[in-house]
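Visitor: Structure below; questions to follow.
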Amino acid sequence: MPANGSVNSTLTLCTTSQSPLGTFSNLYVEGQGGGLTRNSSTFGVAITSPGDFAVSVSPTSRTVTQGQSTTYTVTVQSIGGFNSQVTLDVLGLPPNYEVIGTNFVPKIVTPLPNSTVTSTFNLVTSNQTAVGPFGNLIIKAQAGSVIHNSPPFSVLVNPNNLPDYAVSVSPSSSSVTQGGKSVYEIIIKSINGFSDSVTLDVLNLPNGYVAGETIISPKIVNLIANNSSYATLTIATGNQTEIGSSNNLIIKAVSGLTQKFSSPFGMSVGRASAAPVASFTFSPSSPAAGKSVQFNDTSSGVNVVYEWDFDNNGVVDSNEKNPIFTYNSPGPYTVTLRAKNSYGDSIKTQIVRVNSTSSLPIVTSVSKQYGNIALKDSTVLNSFKVSVNWNGTPGNS
């Protein structure tokens, strides 16, 4: 310590979970130096509980008819000054409850110290929800690593005999690489004699999906009473489709003023990292000049762009996948296909030998001319001449 000066030091007081609670006001700091001992003025510290919370539900039982909804009030109580966010969830719901609309409002609550805060739990059922009493529903409340459960509460689900319909999807998930397509079956089921048309749509498609090739077929189905109808959902992806998993795809089914939603289903999109490998065939194998030649692409790869050069002059003659080309003169022609995508390209070259149109003669007419009948040594002689005309080499005869 400098003469006639001062220095500062920080005292840190640490507690444990075993430290006694209460106010301690006779703390002081003792200093020794130069043979002297001095004590500071007294000061204090209050050690309090870190706080806790409890969760409860009211009422403890409800009755609901299939296709209807009901509500409960969830109360979170602060204990010992607790004042942190609490996230709510529910366990033990009836099978086939309606996912859309079953929720907490709000899902995250923060009680004031030594006070309470409430949230509304909405339970929505459908005509597919299991019937009967369900007496082990529990609210799970979590703040950080601390979890508390409510006492069990119940719901009684009664049957609904009104005409209705339900929609589901199979499979519940699929995987595809960029540029590929995922296909799902949509099942629309008539319940209690429902008979009407239902219009289908898909929600929450991944970013960058290919709109022109993503279709539901048929988009409108006509349900027959107590039967099921089916549709096919095709989701097309491209090289711009977002990589990752989409787990909240939903089919929306509308009939009149009624709309139903499927359970969420998923699609995982992986990166298409392969460059294409160019390949093609052509027909006929020995074309004649002036005749069309059909070229057919057999390349591998996705999102492929095609560049055809039919006469080896370095100019792209077509960008079609399966083009048709006509050679007006005979001769050998080098045909090049370049197949490319965002990951690379590949080139395939073949020789097309075009024949002259006059190399193959074509018969145009055949005639037979009879000669005169003659007698020789009591023998009847008859003679005739055959003429054949054709086009092409070596000429007419």
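The numbers here are math on the coordinates, done by the rules we state, and not lab data. Just so it is clear, the model here is predicted, and its values are computed rather than measured. A quick note on method: Cβ atoms are made from the backbone with ideal geometry, for glycine too, and the neighbour counts reach across all protein chains shown.
Visitor: Can you compute the equivalent ellipsoid semi-axes for region 113-272, i.e. the square root of 5 times each eigenvalue of the Cα gyration tensor, sorted largest first and rounded to whole Å?
Guide: Value: 33, 27, 12 Å, ordered largest first.
Visitor: From Cα coordinates alone, what are the radius of gyration and Dmax values for the chain in angstrom?
Guide: Computed over the Cα atoms of the chain, radius of gyration and Dmax are 42.9, 173 Å.
Visitor: Find how much the distance from T232 to N207 grows on full extension, using 0.36 nm per residue of separation minus their present alpha carbon separation; answer in nm with one decimal.
Guide: Computed gain between T232 and N207 is 6.9 nm.
Visitor: Moving on. To the nearest 20 Debye, how big is the dipole of the chain about its Cα centre, given +1 on the beta carbon of each Lys and Arg and -1 on that of each Asp and Glu?
Guide: 700 debye
Visitor: Based on the Cβ-Cβ distance from V29 to A3, what FRET efficiency comes out when R0 is 25 Å, to the nearest 0.05?
Guide: FRET efficiency, V29 to A3: 0.70.
Visitor: Also, I was wondering about something else. What percentages make up the Cα-Cα pair-distance distribution of region 17-132 when the bins are 5 Å wide from 0?
Guide: 2, 9, 14, 12, 11, 9, 7, 7, 5, 5, 4, 4, 3, 3, 2, 1, 1, 0
Visitor: From the alpha carbon gyration tensor of region 107-154, can you work out the equivalent ellipsoid semi-axes (sqrt of 5 times each eigenvalue) and give them in Å, largest to smallest?
Guide: Semi-axis lengths for region 107-154 are 27, 13, 10 Å.
Visitor: Between L112 and V254, what's the calculated FRET efficiency when r is the beta-carbon distance and R0 is 30 Å? Round to 0.05.
Guide: After rounding to 0.05, the efficiency reads 0.10.
Visitor: Return the FRET efficiency for the residue pair T298, S342: r is the Cβ-Cβ distance, R0 is 22 Å, and the value is rounded to the nearest 0.05.
Guide: The calculated FRET efficiency here is 0.60.
Visitor: Continuing with this model, one more query. So how much slack lies between S283 and S58, counting 0.36 nm per residue of separation and subtracting their Cα-Cα distance, in nm?
Guide: That pair, S283 and S58, stretches by 73.2 nm at full extension.
Visitor: Using only the Cα atoms, what convex hull volume per residue in Å³ does region 204-356 have?
Guide: Enclosed volume per residue, from the Cα hull, is 164 Å³.
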